[in-house]
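Participant: Attaching a single structure in structure tokens format; questions to follow.
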Amino acid sequence: MARRNSPQGGDTARNKGARPASADPRRRVRSDAATLSGELFPDLEPSPSTSPFRKEQEGYDDSFREHGEIEENPSVGSRNGNPASKQLLKFLVGMLLLPVCLILTESFLQAFAASVHSGLLANRSFGCFAAGLLIFGILFAVVPRKTLMLPYVFGHEVTHALWVKLFGGTVANRFHVSLEGGHVLTDRVNTWIILSPYFFPIYSVLAATLYGVLALSARLIDRFHEGSHLTAGVDSLRWILFLMLGLTLAFHLVFTFLLITKGQPDLHYGGTFFSLTVIYLINLMIITALLLATSRSRICEDYWASLVTNSTDFLELCGRAAAWLVVWIQDFRTGLGY
């Protein structure tokens, strides 16, 4: 959630030792995953007097709330235009993305059914991926929640920081992660930075990146050193990659779902409907890509064909609905004597 500081000072002026918002335009991006840990895992609820978040708060605007917000200097926020108009625009964008979600979901389900029919369950890569899902399910049932919460909060904050860097922003040194909460301070905030932890599975990306670097290095060594066969060795370890992808992606999806169902203030920044649409759409695309990567090439061709067919069917449906609406309006006007 984004809330501008009051130009008159308000609570900030009454807080001892706190600098005015205009003195430091940095904004605090706090992990709502950690904020809601008290709701998801009651044993983690922090004490107001001992919270590291309060200790880190010294020297900054003390009007930061305890339930995950982004504070911004009014001089910075004023350049962003009317918040209400932005919310409306993003809601309309979310409405336009809704048919895309429906088409991609239908195409994914068709591809998954075709893959299972073609022997997906017997595919080694998918088997390793499914094993990773199963391992996470066991860990989630056996391991204490606070043990899983700490790496999630860490990944959540690192993702915020990474996307700040991608958008050319600066992350302050006050990077804080603990069982009681987490936050980063940055000079740049936008919808993608706020939502990034919900659609960017950082541990899955890390696993894929490490394997990619290893595979590329092996190929370069084999190319310049005769008799080297590192590529074959790395390819034989691909099952580990899919195992880790299954484990980390399940970790990402489960915690994302749990936190969203608890009502995340992060979602309010760009509008809840728009935020949920974007999160669902990008996560669906990631899952679809993994399905196609573990399926036969024919399934990929069928997927693109079904995507075109479903899009065409949807457009035809919209055309029939528009034609029916025009006829209904004409009949209605005729009935009124126009």
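No lab work stands behind these numbers, since they all come straight from the coordinates. Predicted model, so just to flag it, every value in this text is computed and none were measured.
Participant: Could you tell me the convex hull volume per residue, in Å³, taken over the Cα atoms of segment 296-338? Present the calculation step by step, with values, prior to reporting the outcome.
Facilitator: Values: hull volume 1.3 nm³, N = 43.
Dividing the Cα hull volume of segment 296-338 by its residues yields 29 Å³.
Participant: Just need log10 I(q)/I(0) for segment 89-200 at q = 0.12, 0.16 Å⁻¹, Debye formula, equal scatterers on the alpha-carbon atoms, no solvent, rounded to two decimals.
Facilitator: -0.74, -1.02
Participant: Moving on to the next point. With just the Cα atoms defining each centre, how far is segment 283-336 from segment 208-230? Give it in Å.
Facilitator: What the calculation gives is 43 Å, centre to centre.
Participant: If you average 1/r over all unlike Cα pairs in segment 197-303 and invert the result, what Kirkwood radius do you get in angstrom? Don't jump to the answer; show the numbers that get you there.
Facilitator: Numbers: mean 1/r = 0.0617 Å⁻¹.
Computed over segment 197-303, the radius equals 16.2 Å.
Participant: At what distance in angstrom do the alpha carbon centres of segment 82-137 and segment 232-278 lie from each other?
Facilitator: Taking the Cα centre of each part, segment 82-137 and segment 232-278 sit 11 Å apart.
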